[in-house]
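These notes concern the structure reproduced below.
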Amino acid sequence: MLIDNFSPSLLERLVCPVSRESLSQSTNTLITPSGFAYPQGDFRVVAGDMKSTAWGEGQRHYEKFNKKWVSRDAAFYRSVDTETTEIYRQIPLAGKILDVGGGFGLVTQHAGVDSRQIVCIDPMVCKWESIPPSTYKEHYALLADVVRIPGYAEHLPFANGVFDTVHMRSCLDHFANPHRALLEARRVLKAGGKLVVGLALEGAFRLNNSGFVNKTKRKLKSSFIGDLYEHFFDQHMFHPTEESLRKLVEGAGFQIGQYIHQVGYSGVVYLSATKAAVRQSGDTRKI
């Protein structure tokens, strides 16, 4: 199975991302009554927007970045933990959590949640056993038991209303279709469920930039040639402004509550939003 830590009980929440039918297991294949099949539990449904050259380049960039991340030292991991733990003190994650685009599920440690609460979905296949013995594996040992599923944010293989929280950190700007991804997040949330988004806005940078390379990046991003820098050296699909991020989230049916800026950065924000009620013909109902 390409699904890490797969168990038959997971099938209670899984559905076909195309037909939304229930799934059953046949050896290492998940199948629907009408015949959709997902060998090895691979839910990476290749829709039209996933075939774009720009999105493919961005995904390859992310996978290279992940390999470098796994090779960093303990001091680096501790510094990241310190930065992000404060975020999740202010915006805690609770209940059954779907970590979208979360890779191996670092938020498990950063937010201090039980690994049994987390399900991660990412286009990259994330198998814990594939990581050789390393500082990363030792430092993030809590991640070993997280369920990790290969799939796309725009086509989530989960039934309606099965999660209390959907978490999207540093990934919304990688999606081929962020609006569809947010609609999918809304669909799989329970009534009143919470969406948490962390994102670098347009022109974001670290405040304590040190070293020639980082200082140069900062100057380029804030200069008139910033657009050229983004085009040639940044594989994100887009960088929103604060206003466009709010409109994107609210336009997908969420009501924004908390909105905070990450300490030590300019333009890196986190927000929490509640799945809003939908008003139809004078009535309000939860979906």
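When segment 12-36 is limited to residues that are of a type outside the set (A, V, I, L, M) and in a strand (DSSP E or B), the one that is surrounded by the fewest Cβ atoms within 10 Å (Cβ to Cβ) turns out to be S26. Close contacts from segment 79-94, counting a first residue that is touching a residue at least 60 places away in the same chain (Cβ under 8 Å) and within 15 Å of Y259 (Cα to Cα) and a second that is surrounded by fewer than 12 Cβ atoms within 10 Å (Cβ to Cβ) and hydrophobic (A, V, I, L, M, F, W, C), with Cβ to Cβ under 8 Å and a gap of 6+ residues or different chains, come to E86/V263.
Kindly indicate the residue of segment 25-50 that is small (G, A, S) and farther than 26 Å from S115 by Cβ and also modelled with the lowest pLDDT among those meeting that condition. For segment 25-50, the residue satisfying everything is G48.
Just a yes or no: is a residue in segment 134-144 part of a strand (DSSP E or B) and either surrounded by fewer than 24 Cβ atoms within 10 Å (Cβ to Cβ) or of a type in the set (F, W, Y) (or both)? The answer is no; no qualifying residue exists.
Has segment 120-134 got any residue that is closer than 14 Å to D164 by Cβ and aliphatic (A, V, I, L, M)? Within segment 120-134 (the criterion being closer than 14 Å to D164 by Cβ and aliphatic (A, V, I, L, M)), the answer is no, since none of the residues qualifies.
Identify, please: which residue in segment 157-176 is outside any strand (DSSP E or B) and under 12 Å from the mean Cα position of the chain (by Cα) and is, among those, surrounded by the fewest Cβ atoms within 10 Å (Cβ to Cβ)?
S170
A185 fulfils the conditions (1) surrounded by 24 or more Cβ atoms within 10 Å (Cβ to Cβ); (2) in a loop (DSSP other than H, G, I, E, B) except for a single criterion, (2). Among the criteria (1) out of contact with any Lys or Arg (no Cβ under 9 Å at 6 or more places or on another chain); (2) under 20 Å from V197 (Cβ atoms), the one P123 does not fulfil is (1). For segment 84-105, the count of residues that are farther than 30 Å from T27 by Cβ, within 15 Å of the chain's Cα centre (by Cα), at pLDDT 95 or above and of a type in the set (A, V, I, L, M) is nonzero.
The values are calculated or read from the model by the stated rules, or taken from the named source; none is laboratory data. Just so it is clear, the structure is predicted and the values come from calculations on it, not from any experiment. Reconstructed Cβ throughout: ideal geometry from the backbone, glycine too, with neighbour counts over all protein chains shown.
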